[in-house]
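Before any comments, here is the structure.
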Amino acid sequence: MNTRIRKLTLLTTGAILGGALTLSVQAFADKGDGVLPLSELRTFAEVFGRIKQDYVEPVDDKKLINEAIRGMLSGLDPHSDYFDPEAFKEFREGTQGEFGGLGIEISSEDGLVKVVSPIEDTPAQKAGVKSGDFIIKIDDTPVRGLSLNDAVKKMRGKPGTKVTITIARKTEAKPIVLTLTRAVIQTKSVKSRMLESGFGYVRVAQFQDHTVENFATALEGLYKENKAPLNGLVLDLRDDPGGLLTGAVGVSAAFLPKDALVVYTDGRAADSKMRLFAGQYNPRGGKDVYAKSPAELKTVPLVVLVNGGSASASEIVAGALQDHKRAMIVGTQTFGKGSVQSVLPLSNDGGIKLTTARYFTPSGRSIQAKGIVPDIVAADPNDDSSAFRIREADLDKHLTNPNGGEEAPSKTNSKPAAPQPQQPAKPAAKPGEATDANGKPVVDTQLEQALNVLKVQMILQQKKNPS
């Protein structure tokens, strides 16, 4: 008798769930084609009831619903996701530039966690984690089958505590075991320095809330340090995984006239169709951070450095400056993430990250699964993982490129940079330069190529406009 009552209760639960789903979906019927998948919703309710009744162990209703929501979103594309309240709080902290963890931008592939790029000056980057690495174990927990959110939760923790990650790297025969100390990740998104007299360098590591203000300050600082108009500027977007769309528009605005189109988006919903111009970078508090910037910024010779770790917002900047013929793009083909994710809060204090549009460069190019092809190809001989970098086109369920012509990194029509004479080794590293384990500077050949391009541009400009 008790068993019969229990079964009846479970089936009733399934029926109620099915009715609730039908009612909740009805509110969205007018936005779609008006036809609800009632048969599939009944199947969902039936499966829910079967799990509650027959699964080997009791399962919490909340867990089942959360996993169903998460699976519904992750099955769409690699970038849509569900955040429970705790994960949603951590996600928002990440875009504000401070959170606890290791400092790795990750994605999912074949049930494993794959590194898109380590964030600069974080425990992961300092330990040697590289783009393209597979994280196969976190402490004693195998990663296969874990959701990205669950993997992130295991890697994050109280600052000062340790976590061991096991990495599979295609260039290594054996897994690499790294024990890292968690830290408060305070990502400084903008760094700058003078390369030599007359030539400045600005790096954007990630597009965050304060990136545009910090970028404007960095540019003004370079002009003050040089005490004269710059002869050229390098904008380094290598291994920049992206971030806020407004940040990309704001950085582009430093070099483009206000009426220049930076990017446009196209999706099904009316609010997903946008055209963003340089004059619309949405300054914080309505203050134009470039109001006191040198006028020469609009014309200074400019090179943008990119590689396979440059994604999303960094590709928007590179694409806009390339289309407007405002900069030479140097490096290797970018990641190819040309989709827009809207972060939508939910009533349970959680949220969803939902792909709502594709974005296009001013000339109408879609970057999706293709990326930005540099004007001058300059590979990094010190990057032994470059041949194994993950790209958008490698991700399962990635959106297709509406323009067609998805390409692998090797299929580019760009001309390689001309060979340059070998530079003598430098005796000591300058602030901001990369160093090896012995503290000696590592020659950044891509940056040297960028500097050479700027010098050629300066010479051509002088010939065109002799004093």
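A few comments on the model shown:
- Positions within the stretch 292-330 being in a helix (DSSP H, G or I) and surrounded by fewer than 24 Cβ atoms within 10 Å (Cβ to Cβ), in sequence order: 295, 296, 297, 298, 322, 323
- Meets criteria (over 24 Å from residue 314 (Cβ atoms), buried (at least 18 other Cβ atoms within 10 Å of the Cβ), at pLDDT 85 or above and touching a helix residue (DSSP H, G or I) at 6+ places or on another chain (Cβ under 6 Å)) for residue 102: no
- Scanning the stretch 171-183 for residues that are loosely packed, with under 12 Cβ neighbours inside 10 Å and touching a residue at least 12 places away in the same chain (Cβ under 8 Å) gives 171, 177, 179.
- Matching helices (runs of 4 or more DSSP H) fully within the stretch 75-157 where at least 2 residues are within 25 Å of residue 211 (Cα to Cα): 85-95, 123-127
- Residue within the stretch 217-232 that is in a strand (DSSP E or B) and assigned by TED's automatic domain parsing to the domain that holds residue 392 present: yes
- Residue within the stretch 220-231 that is among the aliphatic types (A, V, I, L, M) and within 28 Å of residue 339 (Cβ to Cβ) present: no
- Check on residue 159, modelled with pLDDT under 90 and either in the same structural domain as residue 314 (by TED's automatic domain parsing) or under 22 Å from residue 239 (Cβ atoms) (or both): no
- Top-ranked residue in the stretch 341-368 [being touching a Leu at 6+ places or on another chain (Cβ under 7 Å) and among the aliphatic types (A, V, I, L, M); ranked as nearest to residue 263 (Cα to Cα)]: 354
- Filter pass, residue 194 being of a type outside the set (S, T, N, Q) and in the same structural domain as residue 397 (by TED's automatic domain parsing): yes
- Where residue 43 falls short, out of the listed (1) part of a helix (DSSP H, G or I); (2) at pLDDT below 75; (3) of a type outside the set (Gly, Ala, Ser): (2)
- Lone unmet requirement of (1) surrounded by 14 or more Cβ atoms within 10 Å (Cβ to Cβ); (2) touching a residue at least 40 places away in the same chain (Cβ under 8 Å) for residue 158: (1)
- Of the candidates 429, 408, 417, the single residue that is at pLDDT below 60, surrounded by fewer than 16 Cβ atoms within 10 Å (Cβ to Cβ) and within 23 Å of residue 235 (Cβ to Cβ) is 429.
- Residue ID - modelled with the highest pLDDT, chosen from residues in the stretch 185-200 that are of a type outside the set (Gly, Ala, Ser) and within 16 Å of residue 118 (Cβ to Cβ): 191
- Test: residue in the stretch 278-288 that is more than 15 Å from the chain's Cα centre (by Cα) and either among the aliphatic types (A, V, I, L, M) or buried (at least 22 other Cβ atoms within 10 Å of the Cβ) (or both): yes
- Qualifying residue in the stretch 279-298 (condition: of a type outside the set (A, V, I, L, M) and under 15 Å from residue 360 (Cβ atoms)): no
- On the stretch given as the stretch 180-216, residues that are part of a helix (DSSP H, G or I) and small (Gly, Ala, Ser) total 1.
- Filter result for the condition that a residue is surrounded by 15 or more Cβ atoms within 10 Å (Cβ to Cβ) and among the basic types (Lys, Arg), over 268, 275, 203: 203
- Residue 177 in a loop (DSSP other than H, G, I, E, B), of a type in the set (A, V, I, L, M), over 17 Å from residue 242 (Cα atoms) and in contact with a strand residue (DSSP E or B) (Cβ under 7 Å, 6 or more places away or on another chain): no
The values are calculated or read from the model by the stated rules, or taken from the named source; none is laboratory data. Owing to the predicted nature of the structure, the values given are computational and were not obtained by experimental measurement. Cβ atoms come from the backbone with ideal geometry, glycine included; neighbour counts cover every protein chain shown.
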